1. In the range 421-456, what residues are surrounded by 18 or more Cβ atoms within 10 Å (Cβ to Cβ), touching a residue at least 40 places away in the same chain (Cβ under 8 Å) and basic (Lys, Arg)?
2. Being among the β-branched types (Val, Ile, Thr), crowded, with 17+ Cβ neighbours inside 10 Å, modelled with pLDDT of 95 or more and at negative phi narrows it down to one residue among Ile561, Ile569; which is it?
3. Is it the case, given these coordinates, that Ile54 is in the same structural domain as Pro151 (by TED's automatic domain parsing), farther than 19 Å from Ala155 by Cβ and buried (at least 23 other Cβ atoms within 10 Å of the Cβ)?
4. Output the residues belonging to the range 259-285 that are surrounded by 24 or more Cβ atoms within 10 Å (Cβ to Cβ) and assigned to a helix (DSSP H, G or I).
5. Would you check if Glu202 is out of contact with any Leu (no Cβ under 6 Å at 6 or more places or on another chain) and either of a type in the set (Lys, Arg) or farther than 25 Å from Pro464 by Cα (or both)?
6. For Leu293, state whether it is modelled with pLDDT of 95 or more, surrounded by 20 or more Cβ atoms within 10 Å (Cβ to Cβ), closer than 23 Å to Gln198 by Cβ and not assigned by TED's automatic domain parsing to the domain that holds Leu170.
7. Condition first: surrounded by 15 or more Cβ atoms within 10 Å (Cβ to Cβ) and either among the aromatic types (Phe, Trp, Tyr) or at pLDDT below 95 (or both). Now tell me which residues in the range 68-97 satisfy that.
Amino acid sequence: MCGLLGLLASGADAGVRTGPLADALGCSRHRGPDESATWNDEDIAFGFNRLSIIDVTGSHQPLQWGPPAQPGRYTIVFNGEIYNYLELRDELARRHGACFASAGDTEAVVAAYHHWGAAAVGRLRGMFAFLIWDAHERVLFGARDPFGIKPLYFATGPAGVAFASEKKSLLHLAPALGMLNPHRHVDPVALQHYLQLQYVPEPMTLHHSIRRIESGTRFTARPGGRIEQERYFRPGFHSGPRPAPNAHRRISEVLRDSVAAHMRADVPVGAFLSGGIDSSAIAALAKEHNPDLITFTAGFERKGYSEVDLASETAAAIGVKHVVRTVAPDEMTAALPLIVWYLDDPVADPALVPLWFIAREARAHVKVVLSGEGADELFGGYTIYHEPQSLAPFERVPGALRGLLGRASARLPDGMRGKDLLRRGALPLEQRYYGNARIFRDDQLAGVLRRYDPRRSQTNLTAPLYAESAGWDPVARMQHVDLYTWLRGDILVKADKMTMANSLELRVPFLDPEVFAVASGLTPGQKLAGGTTKYGLRRALEGIVPSAVLHRRKLGFPVPIRHWLRDEIYPWARDVVRDSQADHLVDLAAVQRMLDAHREGPIDHSRRIWTLLVFLIWHGIFVEDRIHPRVPHPTYPVHR
């Protein structure tokens, strides 16, 4: 788990840019505090910050590898972990005579590329973003893992193209690319989508000149040429007409195997524990491999917004040591600018705040944690997946009448019971569902966003996904949308950024190709049954997870921002709005009115306000250069 940089020059000596590259590495020091190094030839320069997890004393990067006849042909920078690296190394040695100088997974990646070409990416079981320079062919090859667990940004300028694990590193490299003031140009399309969704959807970022390599994508680039991208992984949910036989047994077997693979490390491994079924399953299975497993959770000192007791009960039932971190409202607001700096782009999911605090606590004990991200998307864990069934009566209403119901809902006051049900019931699935987060509706955006454009609809993002899933059952289509929007835009961004901010590696055993292969074949009844969610997963975990946890409602990390914005943090929020210089993008007077209306009640505007506040802080850091978070140097035992 590390931070990489790569700069491919356009007709100029890349060696002259190793100075700026080394400086840009400082922006991602938190991703890899154990070692830092650069390498270059006449066309390309690499930089790397390493967090040593496997082969701690070896596998230094940038790493050079080649067959006996061409030693040093390839140079690689690799962020992530390959959990089947031992099997790959064995196969490469037996079938192809590959030789290895280290004991880690990095050489397995580059050797696989040499012998199997671009198809090697499909053989990797893990999370990854990497760049491989072939000095013989003068071509750069790279890829990102199937689900988008690890990030990879890129920027193109007159002097070349650069790639990085952190967007802020590319902002720092802009002069070396010949880019002028990229931080000043906020992408209006990305901003509108952010306010709709609470995150910036891939491949966009809020900086117009910087984009992301999408999940499940591989690419090539040559000096002075274009980046040629190709999607190698397209997740699909294809259940048969009848339930798959022995599905519960197959789920438990493949999940147990995935956790075993994810436990491979040469450093201490712990687990996050929220008290719900997903993290409890991971912790219980991890304990089979590490009896001294430590689990971690965060909470708040407000009734109804703390999982501490439930998580502690679960930890006791599993039989693991448990560490708790309680977060106060003033701690949250004080840490938020630093958290936003780590994020690169705003993500307005309040749960990332306690995640940052508990990651910092966990790093004092371990270097790797397992977590339960991805279970909801794969196994049908969100309550909104019940919506096709609850809205089924609307499907029998003639189209003209459904449209009339939709128009009638628009005339009802906000907050009135049944308003949203009517509005959503009047719409087909393709128009009403665009992912798990729904912050600003279009009619609400028009009163806040200065450059609101009704043509920038969220359906522009989801239409291709619905086209890919035509003929699937409605729940599978919703899962498909979430895999490409909510999961990789919110869930995995906050998981990566908040843990790596604390030099902590987070692993997600649910997001494994073998687990997905089983989950993708489940029927709707094996996902949602008896009024519950993740029915098949719950059945599979009987005897593994404590019975009291199996039917517990979904928890996550609930944050009491609705209450705090009316009381404890209202003065702070008012000051954020007052001090902002983003009025040309967002109507700050309207934001203040929304904040005051929320304080007075009865309508809850907290999620919309929080989304705006996070953006205003982001703008103050990355555009105005007015807010300067104090970025700490790692102080924990980084080599442990």
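1. Arg456, the sole residue that qualifies.
2. Only one candidate qualifies: Ile569.
3. no
4. Val259, His262, Ile277, Asp278, Ser279, Ser280, Ala281, Ile282, Ala283, Ala284, Leu285
5. Here the answer is no, as Glu202 does not meet what is asked.
6. Against the criterion (modelled with pLDDT of 95 or more, surrounded by 20 or more Cβ atoms within 10 Å (Cβ to Cβ), closer than 23 Å to Gln198 by Cβ and not assigned by TED's automatic domain parsing to the domain that holds Leu170), Leu293 does not qualify.
7. Listed by number, the residues that qualify are Tyr74, Phe78, Tyr83, Tyr85.
Okay, residues lined up against (1) within 22 Å of Lys494 (Cα to Cα); (2) in contact with a Lys or Arg (Cβ under 8 Å, 6 or more places away or on another chain); (3) at pLDDT 95 or above:
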residue: Ala284; (1), (2), (3): no, no, yes
residue: Gly304; (1), (2), (3): no, no, no
residue: Val308; (1), (2), (3): yes, no, no
residue: Ile318; (1), (2), (3): no, yes, no
residue: Asp345; (1), (2), (3): yes, yes, yes
residue: Phe357; (1), (2), (3): yes, yes, yes
residue: Val366; (1), (2), (3): yes, no, yes
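The values are calculated or read from the model by the stated rules, or taken from the named source; none is laboratory data. None of the values given here were measured: they were computed from a predicted structure. Please note: Cβ atoms are built from the backbone with ideal geometry, for glycine as well, and neighbour counts cover all protein chains shown.
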